[in-house]
Amino acid sequence: MLLLSGCGGDLARSPRPLPPAPFTYLSLTACRAYPSNIADCQLDYGTQFGRQRLGPVQETGLKISRDESRYQVSSCYPVARVKSELPNFVCRIYSSQSGIHVSSVLIKGGTAVRLARILGDREQTQYRWTPDKWSRLRN
């Protein structure tokens, strides 16, 4: 005789297991699609009890479903930087509802700096912006 106690709870789970921390807490929310094939989302960090907005992410060619405005980040990796002190990341995302891989998105600018700090990038935790002493622009 085989006991199947506790199996009913497994049916309520999402079809895909959550990624490891800190990616478990990273998601793209409030996604909107625009006619010019551009999607605009917010990168969030946290749980349903408290979320922190890391900043906007814009991507071309991202197919946004009308029924879904939230996507789970499964992994991120750094990519070549134009300015060595400013990070860029490519993050893979999947649908929170279906668990299917959707796309990869480029995260740059201030959003990438805040993401780098969450991912434990030592360079970003110690980085402080200073004006270029050779710049012709003086304020």
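The values are calculated or read from the model by the stated rules, or taken from the named source; none is laboratory data. Because the structure is predicted, anything quoted here is derived from the model rather than measured. Every residue, glycine as well, gets a Cβ built from its backbone with ideal geometry; the counts of neighbours run over all protein chains shown. These accessible areas exclude ligands, DNA and RNA; they are computed on the full protein's heavy atoms, side chains included. Shrake-Rupley method; radii C 1.70, N 1.55, O 1.52, S 1.80 Å.
Would you mind putting 31-38, 101-108 in packing order, based on average other-beta-carbon counts within 10 Å, highest first?
Put in order of decreasing packing, that is 101-108, 31-38.
When Lys and Arg each count +1 and Asp and Glu each count -1, what net charge do the other residues less than 13 Å away from residue 52, Cβ to Cβ, add up to?
Within the 13 Å Cβ shell, the charges total +3.
Using protein chains only and a probe of 1.4 angstrom, how many square angstrom of residue 60 are accessible, to the nearest 10?
Ignoring ligands and nucleic acids, residue 60 comes out at about 100 Å².
Using the basic label-point model (7 angstrom from Cα toward the beta carbon), what is the residue 34 to residue 81 distance in nanometres?
About 2.8 nm, to one decimal.
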